[in-house]
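Engineer: Here it is, the structure, as structure tokens.
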Amino acid sequence: MQRNYHRTNEAHRGLIIMDETKHEQPLQALSRHFRVNGGRWGSYRNLAEVPLFVDSRASRLVQLADLVAYATWRRYEFLDGRFFEPLIPKFDADGGVIHGLVHRRDVKEGDCYCPSCQSRRRDQR
Ligand SMILES: [Zn+2]
């Protein structure tokens with residue numbers, strides 16, 4: 001996690017790369033908002049560049065992000081972990097707590113044993 005590296009003086013620069021879509025204009029405004037005001041996980045201090053928009057057909061990086069998103073979607077929407085399970089060790093984690101994957105859900109739904117919730121459960125002990 002960017003913030004963790006920052007605390008240990010191992011700051012790295014990051015990029016926000018988005019797929020070009022017909023929604024590019026509202027996304028550019030949103031990306032400016034993130035850059036100035038931060039996002040859900042705080043401010044983005046170490047961005048190397050303004051958010052970039054690329055054609056996903058020309059970018060293997062964006063295609064990879066699409067595959068990760070698809071695997072994650074299959075896991076959480078259909079409990080199909082075939083593509084997701086091999087990715088779990090790749091999510092950013094510190095002390096066994098996965099920071100690179102957050103499961104947003106209603107607490108009324110009861111306990112969840114997905115990798116994200118499970119890692120945070122260990123953190124509360
Ligand atoms: Zn969960």
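Laboratory data are not the source of any read-out in this text; all were calculated from the coordinates shown. Worth saying up front: this structure is predicted, and the values here are computed from it rather than measured. Reconstructed Cβ throughout: ideal geometry from the backbone, glycine too, with neighbour counts over all protein chains shown.
Engineer: Restricting to DSSP loop positions (anything but H, G, I, E, B) with no more than 11 other Cβ atoms inside 10 Å of their own Cβ, which chymotrypsin sites (Phe, Trp or Tyr not before Pro) remain in region 36-125? Could you put the intermediate results ahead of the total?
Structural biologist: Values: sites: Trp41, Tyr44, Phe53, Tyr70, Trp73, Tyr76, Phe78, Phe83, Phe84, Phe91, Tyr113; in loops: Trp41, Tyr44, Phe83, Phe84, Phe91, Tyr113.
Here the chymotrypsin sites (Phe, Trp or Tyr not before Pro) that fit, given the DSSP loop and packing criteria, are Trp41, Tyr113.
Engineer: Follow-up question, since we're still on this one. Would you please give the residues with an amide H less than 5 Å from that of Leu47, counting only those at least 5 places away or on a separate chain, with H modeled from the backbone geometry?
Structural biologist: Answer set, sorted by chain and number: Gly14.
Engineer: I've got another one for you. Leu52's amide H: which non-local residues (gap 5+, or another chain) put their own amide H closer than 5 Å, with H modeled 1.01 Å from N in plane and none for Pro or chain starts?
Structural biologist: Here the answer is Ile16, Ile17, Met18, since their amide H atoms fall under 5 Å of that of Leu52.
Engineer: List the trypsin sites (Lys or Arg not before Pro) within region 69-112 that DSSP assigns to loop and that have no more than 14 neighbouring Cβ atoms inside 10 Å.
Structural biologist: Working: sites: Arg74, Arg75, Arg82, Lys90, Arg104, Arg105, Lys108; in loops: Arg82, Arg104, Arg105.
When the trypsin sites (Lys or Arg not before Pro) of region 69-112 are filtered for loop state and at most 14 Cβ neighbours within 10 Å, Arg82, Arg104, Arg105 remain.
Engineer: Please return the longest stretch of the chain lacking exposed loop sites, where GluC sites (Glu not before Pro) count only if DSSP places them in a loop and at most 12 other Cβ atoms lie within 10 Å.
Structural biologist: Working: sites that count: Glu10, Glu49.
Counting at most 12 other Cβ atoms within 10 Å as exposed, the longest clean stretch of the chain is 50-125.
Engineer: I'd like the trypsin sites (Lys or Arg not before Pro) in region 11-60 restricted to DSSP loop residues with at most 16 other Cβ atoms within 10 Å, sorted by number.
Structural biologist: Passing both the DSSP loop test and the Cβ count: Arg13, Lys22, Arg40, Arg45.
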